[in-house]
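Only one structure is covered here, and it is reproduced in the block below.
All of the numbers you see were taken from the coordinates with simple rules; none came from a lab. In this text the structure is predicted, and so the values were computed from the model without any measurement. Cβ coordinates were reconstructed from backbone atoms using ideal geometry, including for glycine residues, and neighbour counts include every protein chain displayed.
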Amino acid sequence: MDRFSSTTLFPDTLAGTRDDLTEQLTIIWEQIKAPLIVPLLRIAVFLCLLMSILLFIERVYMGIVITLVKIFGRKPEKRYKWESLKDDVEIGNSCYPMVLVQIPMYNEKEVYQLSIGAACGLSWPSDRIIIQVLDDSTDPIIKKLVSMECQRWASKGIDIKYEIRDNRNGYKAGALKEGLKHPYVKQCDYVAIFDADFQPEPDFLWRTIPFLVHNPQLGLVQARWKFVNADECLMTRMQEMSLDYHFTVEQEVGSSTYAFFGFNGTAGVWRIAALEEAGGWKDRTTVEDMDLAVRASLKGWKFLYLSALKVKNELPSTFKAYRYQQHRWSCGPANLFRKMFMEIIRNKKVSLWKKIHVIYSFFFVRKVVAHIVTFVFYCVVLPATVLVPEVEVPKWGAVYIPSIITILNAVGTPRSLHLIIFWILFENVMSLHRTKATFIGLLEAGRVNEWIVTEKLGDVLKMKSASKAVKKPRFRFGDRLLLLELATGAYLFFCGCYDVAFGKNHYFLYLFIQAFAFFIIGFGHIGTFVPNS
């Protein structure tokens, strides 16, 4: 046995520590750290700081613009001509434009009555409006229920059309596209679109159509969303904070500066001529609404956002549904950016500044950089500097810039400012999925065209909340344990422990709290925390 010396099995540097795996790994780590890890981490820190600066400048710019808009009172009625439409005794209701209202739905058992009822309750001359229910449901029972609901409203004198097709090609975009092919649509000038959980107020058309009638350069009027279940649980409160910034700042700034923003896919009215000139609905990405908006903008059409006009709708109330929605909302824009980059560059109908706005601000910073820097910097690179003390992150990059960005994001929802810590932690966890989806979209990989309809509960929300107190949820390994979150949480926890024992960065408190957030969501418990309203 003496012939098998230790040097035949281990290198000399490890000969004295072959029985101690920890020491062996430490030696290997020290050997590769200086020549490989340190340079790579420094590059990563530089890139993350650069992205943070880009995002910081964008947030400050939008903050300044929205402040000026509020101070100088640039209301839509002052920027565009608006006059209420009036009756004409000679021609009667013919003076009112013909409006089509589209309601795309797919197995919407819980909300179909709400959406159809709200659309049929719109105040507009009855002979100048057509309600079109585009039902892609695969459940025959639900299809029958929706059909009967349409017949019920038709019996009351409402011009309502129940349209189905024998496939789901193109999903929502395909349904909307097919809906516009029917002969009766040719007489319509405008089309209002409402997803199945949206409930417009009766005066919705009276407040939107006049802008389109009196301003021929306008192709789209978009209303704001109002969330009926924001107080259901902590997760819905976090969603409200994120979306309120989008509607309070991003949409308003885009409308006020370049008359361009991303169509939200619902609660908006399109000029059918603008929609057709842009090439109609396309299903090449999972954000068909944004695709249409960009193409219409490149044709020279302007958009108007009405922040004062709110349409009630529902937030995803389960983390699973929210994850699917966020995957689509992150993957789709990145994939659209990839597909339209050169088309935007080559366009000759819009100004250079608008091209820069669309490419840099709208797509690159908001749809790519914002997702990547949140996860990569705060959940990967910053914790890694604890393990590699040779690499330092300046305080302005680790503390000051993130704090200002966070405050600017959170001011859109003043009533939830006391939840800002929970929101930061939740957004960091969600950035894991958004970053993954962004790369899938940019690389056109895997789930790039995945489309899963967001679950809606409608009037069942109260019943669901009551049943939670009685029913004990069944644990399913695949549904409740989220391995990516758990793995990230373990990494952050390890970095925190290392910082306590050997580190000098003093990030351990942040690392432990963020790790806890990943663990909470990783074990599927985010929906169980209900905040005080």
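What does DSSP give for the chain in terms of the percent of beta bridges that are antiparallel, rounded to the nearest 5? DSSP beta bridges in the chain are roughly 25 percent antiparallel. Only aspartates and glutamates eight or more places from K349 in sequence, or on another chain, were considered; those with a Cα closer than 18 Å are E276, E277, D291. Over all other residues within a Cβ to Cβ distance under 13 Å of L54, the charged ones net out to +2, with Lys and Arg as +1 and Asp and Glu as -1.
Here is the list for segment 159-208: trypsin sites (Lys or Arg not before Pro) lying in DSSP coil, each with at most 12 other C-beta atoms within 10 angstrom of its C-beta, are K181. Remark: C-alpha extents of segment 67-208 on the principal axes read 53, 46, 25 Å, sorted largest to smallest. Near the amide H of L309, within less than 5 Å, lie the amide hydrogens of R224, all on another chain or at least 5 residues away, with H placed in the peptide plane. For K354, the lysines whose Cα falls under 24 Å of its own Cα, not counting residues fewer than eight places away in the same chain, are K70, K75, K78, K81, K282, K299, K302, K339, K367.
Using a cut-off of under 11 Å, list every residue of segment 208-229 whose amide N is near the label point 7 Å from the Cα of E77 along the Cα-to-beta-carbon line. It comes to no residues whatsoever. Annotation for segment 244-313 versus segment 28-89: alpha-carbon center distance of 19 Å.
Evaluate the Debye formula for the chain with equal point scatterers sitting on the alpha carbons, no solvent, and hand back log10 of I(q)/I(0) at q = 0.11 Å⁻¹, in q order, two decimals. Here the Debye-derived log intensity ratios amount to -1.03.
Segment T67..L443, full-extension length gain: 131.6 nm, with 0.36 nm per residue of separation and the alpha-carbon distance subtracted. Listed values for segment 149-165 are Karplus-derived 3J(HN,Hα) couplings in whole Hz (6.51 cos²θ - 1.76 cosθ + 1.60, θ = phi - 60°), namely 5, 5, 5, 4, 6, 5, 5, 8, x, 7, 7, 10, 10, 9, 10, 10, 9, and x replaces Gly and Pro.
Multiplying each eigenvalue of the alpha-carbon gyration tensor of segment 275-405 by 5 and taking the square root yields semi-axes of 33, 21, 15 Å, largest first, rounded to whole angstroms. Remark on N229: its backbone amide H falls under 5 Å from those of L315, a criterion applied only to residues 5 or more positions apart or on other chains, H modelled at 1.01 Å from N.
Site-free segments of the chain were taken between chymotrypsin sites (Phe, Trp or Tyr not before Pro) in DSSP loops having at most 16 other Cβ atoms within 10 Å, sites themselves excluded; the longest one is 83-474. Averaging the Cα positions of each part gives two centres, and for segment 178-200 and segment 393-456 these lie 33 Å apart. At H182 and V60, where each label point lies 7 Å from the Cα along Cα→Cβ, what is the point-to-point distance in nanometres? My value for the distance between the label points is 5.3 nm.
Anisotropy class assigned to segment 14-143 is oblate, per the alpha carbon gyration tensor with a/c at or over the 1.5 cut-off and a/b no larger than b/c.
Here the Debye sum runs over all C-alpha atoms of segment 342-422 as equal scatterers in vacuum, and log10 of I(q)/I(0) at q = 0.15, 0.25 Å⁻¹ comes out as -0.77, -1.18.
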